[in-house]
1. Does the range 58-92 hold any residues that are in a loop (DSSP other than H, G, I, E, B) and surrounded by 14 or more Cβ atoms within 10 Å (Cβ to Cβ), and which are they?
2. Scan the range 151-172 residue by residue and report those that are among the charged types (D, E, K, R) and either touching a Ser or Thr at 6+ places or on another chain (Cβ under 6 Å) or without any contact (Cβ under 8 Å) to a residue 12 or more places away in the chain (or both).
3. Give me a count of the residues in the range 117-154 that are farther than 19 Å from S169 by Cβ and small (G, A, S).
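Since every read-out is calculated from the coordinates, none of them should be taken as a lab result. Keep in mind it's a predicted model, so treat the numbers as computed, not measured. Cβ sites come from the backbone with ideal geometry, for glycine too, and all protein chains shown count toward neighbours.
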Amino acid sequence: MNPVKTSDNWMSPEEALTRFDSEEMSLLDLNLPSVDESKVRYGFRFGNIGFMIAEGVLSEIINDYQIFPMPNCSSWLSGLTNVRGNLVPVYDLRKLFGFNVEERQYNHLLVIDQGSDSIAVLIETLPQPLDVINWKPSSHRPELSVSMAEYINATYLIDAVAWIDFDHSGFFKSIREKIAV
């Protein structure tokens, strides 16, 4: 039978904080390089074209999602999903930009932005962190079936991948007019 702990047999706060052997290594003792979280950018790819998530924009991955199709809409609008009470449009960028459109198994839903500004994109793999600090802009612009030139802030050609830094909000607002077929 285990004795019931009472405040009489608990350690004092000072004892609890100093109970570890000082020779033990803790995570605080590791000399890990510091990462300025405000400088970390993430992006997702389709083949050799990557899309950067805007700096300071909240995003999240949803693995268990349900998409409700919309009738009489373009095929690149997969439908709507419910994210914490907000109906969020779900885009299939492979179809929108004319990439290889064979049926794909999407594993994740990437929700970009929050509230009424949210959009969602079907992706196969998780977004990856991008070390953009030393990237130099390129004049290379990938060919896309839908023009987004006015929404591209910069393009970076890194390891044969064209990473596009774009105004997602302006771009997705502009294609709303093209949703109905």
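1. Going residue by residue through the range 58-92, those that are in a loop (DSSP other than H, G, I, E, B) are 58, 63-67, 69-72, 74-76, 84-85, 92.
Those that are in a loop (DSSP other than H, G, I, E, B) and surrounded by 14 or more Cβ atoms within 10 Å (Cβ to Cβ): Y65, I67, M70, S74, W76, D92.
2. Within the range 151-172, D159 is the sole residue that qualifies.
3. 3
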